[in-house]
1. Shape call for segment B:33-148 from the C-alpha gyration tensor, a ≥ b ≥ c root eigenvalues: rounded (a/c under 1.5), prolate (a/b greater than b/c) or oblate?
2. Taking 7 Å along the Cα-to-C-beta vector as the label spot, tell me the residue A:73-residue B:438 distance in nanometres, rounded to one decimal.
3. Using alpha carbons only, how many degrees (0 to 90, rounded to 10) separate the axis of helix B:181-205 from the longest principal axis of chain B?
4. For segment B:450-499, state which residues have at least 30 Å² less accessible area in the presence of all protein chains than in their chain by itself, taking the probe as 1.4 Å and leaving out ligands, DNA and RNA.
5. For A:11-18, what's the mean count of beta carbons from other chains sitting within 10 Å of each residue's beta carbon?
6. What shape does segment A:7-132 take by its C-alpha gyration tensor, where a ≥ b ≥ c are the square roots of the eigenvalues and a/c under 1.5 counts as rounded, a/b above b/c as prolate, and the rest as oblate?
7. Please compute the contact order of segment B:3-237 in relative form: average sequence separation of alpha-carbon pairs under 8 Å and at least six residues apart, divided by the residue count, as a percent.
8. As a test of the definition: with a 1.4 Å probe, what buried accessible area, both sides summed, do you compute for B against A, in Å² to the nearest 100?
Amino acid sequence: MSEPVPIVHVVDDDASFLVALARLLKAAGYSVQTYASAVDFLAQLGEGAGCVVTDLRMPGMDGLDLQQALMRAANVLPVVFLTGEGDIPTTVRAMRQGAEDFLTKRAPKEDLLAAVDRAIARDARRRAEDARLRALRARFVNLTNRELVVLRHVVQGRLNKQIAIVLGVSERTVKLHRTAITSKLGVRSVAELTRLAQAAGLFDGTPDELP
Amino acid sequence: MNWMTITWPMVAAACLTLGLIELSIGLSHHPRAPRLLFALSAFTVACVSGLELALMRTDVFAEWWLFTRFLDTAVGIMLVTLMAFIWVYLRTGRKWLALAVPCLYVMGLAFDFLPWAPPGSGMTYQSFSGFRLVETFGGASFYVAEGIPNPWNVFPYLAVLAQIAFVADASAKLRRSTGERRATVVGGAIVFFFLCGGLQAALVDTGVLDTPYMISWAYLPVLVAMSIELNADVLAGARLAGVLQERERHMDLACSAADLGMWTWDIGRDSIWASRRARELFGYSASESIDRARFFRSVHPEDREVTDRAIEEMLARDMGYEAEYRVLLPDGRTRWMAARGQIERDGSGKPKLLRGVVLDISARRGTELELQQLRSQLAHASRVSMMGQFASALSHELSQPLGAILRNAEAAELFLEHDPPDIEEVRVILADIRHDDQRAGSVIDRLRALLKRRNFAPRALSVSDELANVAALARSDSSSRKVRLEIDAAPDLPAVMCDPVHLQQVLLNLIINAMDAAESVQAARRRVTVRARSRGASEIEVAVSDSGPGIPPESLGRLFEPFFSTKADGMGIGLSISRTLIEAQGGRIWAENNAGEGATFRFTLPLAESAKPS
């Protein structure tokens, strides 16, 4: 599978502005797809990389609605908002929801393209991060459930003896598990193992309760 | 000198006086014939009277013979002129009777002038025998002639009888045809005195009565009766003239009190008579002759068309003339005038006269103008504040085309940097730029029209067009507030008479209010509908309905009062100004709650004259 080209999704109810903006982005070298409404865009949302450039004020579903819907979707593309005039409450709300940028419709071209670039870059970063995590997590897939339990204790810095007592097995069995884990993951030290598990976010959000 | 020598001349003098009076009137007034004939009869009666006096005082045969023949002739002329007078005056006599009178009399008179007859042998006597002195009361005495009566003397009496028959017949006919009692009285009096005169003469002729001839005595009352009859019209006319003068004085007083100028336009001859005041008002000199063209030259050029139309309409239809226009005075000032008039037509229905009054209404117009200016200023202030309310929607409306223009221009720059430059793409872009520029321009035009300070200028316009204009302005505000805005104007609505900006202002005000109301319910149910329909044959009704919570019943009656508002941040200006604007155009505005949800504001506007069914 070749590296997918990021697509700039432009959403605006004003056909004339939609065409003009798409034209500029294409001339600047982007792949562009246009939508006359937020509903159209969400219906065609795929997996691909890119970003969304949308008008804030549209009949029916407006820009903020689109952003909220996007956050619940699988492909959380960054959003660049365009507006006739930025009023403070709307801007604040959009930024809180994680708007990449907030530009007026007549912002300088450089600012607009920079914002699109930033959004695409952020999307790319997110995707790279996702890929890395996925790859890391893939390495842990070969571990058995018992090995994962042992790994958890190891990452939390427990000694073999403690682990053996908690699990009700012999210290030797724990050692065998540890050897299997390090060889499967290809790490040499406990420190390295801990770093790897943390990077994969393996035990995030599961606070440890020690007896 | 005795009573006889006094009374006969008195009779003659009375006759002469009557005759002179009628002669002088007859010479200067139409119709001449009756009065001149009357004067001639009166003079003859005076002659008759004089001759009677002469006859009673002479005992010389030659004198007697001369006077007798003069008297007979004078009586003849008297009879004929009186008959002619009655013929001309009453116009109802029979011709053959009228002709019989002179014929019969001439046959009798002929005996007086037969060349072969001896002197003294005439109409009355075959032969003269002598004079007799008769003593009478008061110590007076007179001569009477004696002789053998002429049997042919019957002719003059037949002539008198024919005359009596003629008068009686003519006055009876007049009575029948006009029912005038006067005719009988006057006719009866004439007949009576004719009879008396004839009878007395006959008795003297035949020697039965020892008196002088008293024909003139009998004819004096006849003359008086006829003179009264003749002058009844003059007297009535004089009385009427007095009444008329009094009326005219009243009219003058009324006109000067009301400061009215009077005028009459003779349409056929195209000449206008104007009273002194009317000439003053228009700045015409007292002697200047005025016609339609002159009048139009003094009307302000802007008002000429309206005034001309008022005149044409008045001529074409049977309606009063009403116009208000400015007049250009010779010193360059203008003056507002109101004219009212009534048309007068001839028998065939063709316009003949236009009579009317003019009034200087500059003062009233000045106040009206001031009021109108104040209203315009207030309306303008309210418009500006209303536009402020949806400034953000409007800036969005403007930034769309402006943004598109900018992006297109930037794209074009990039296409030109390509090698080779993509000219075809740039061409397409330029067309788009032009289109967006026009879009932005039309938003600005609409805004400018609404924000401009201007005077009240009603004209015939289409409600649908103005609705479309307003909808274009309100559309982006409605979409950002998630209110569905529906415009529903019936096709082929007739034109209304209205100031376009004021109509837009009222529509915007009602639509913004409706959207405010609709916004307080959940987004899916927010709806504002504007409907325009014909209402009867003379007006159009526009209804703005919302799906909001409706108007609290206690507020319904006060909505259009100034400074009354149901909104927390409302000033209470919009609706009161809307009412002022609509009422200034001759319409009404009111509000009601809907049966289901929300409220409806309605207003009416009168149709333009051109759109009314004729």
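1. Details: a/c = 2.88, a/b = 1.61, b/c = 1.79.
Cα axes put segment B:33-148 in the oblate bin.
2. About 3.6 nm, to one decimal.
3. 10 degrees
4. B:479, B:480, B:482
5. Values: counts 0, 3, 3, 10, 2, 12, 11, 2.
Mean partner shielding for this stretch: 5.
6. Working: a/c = 1.28, a/b = 1.15, b/c = 1.11.
The shape class here is rounded.
7. Values: 335 pairs, mean separation 46.6, N = 235.
After rounding, I find 20 percent.
8. On the way: alone 32140 and 12150 Å², together 42110 Å².
So the buried area, both faces added, is about 2200 Å².
The values are calculated or read from the model by the stated rules, or taken from the named source; none is laboratory data. Treat the numbers as computed from the prediction; the structure is a model and nothing was measured. Cβ sites come from the backbone with ideal geometry, for glycine too, and all protein chains shown count toward neighbours. Quick note on the areas: whole protein, heavy atoms, side chains included, nothing else; ligands and nucleic acids left out. Shrake-Rupley method; radii C 1.70, N 1.55, O 1.52, S 1.80 Å.
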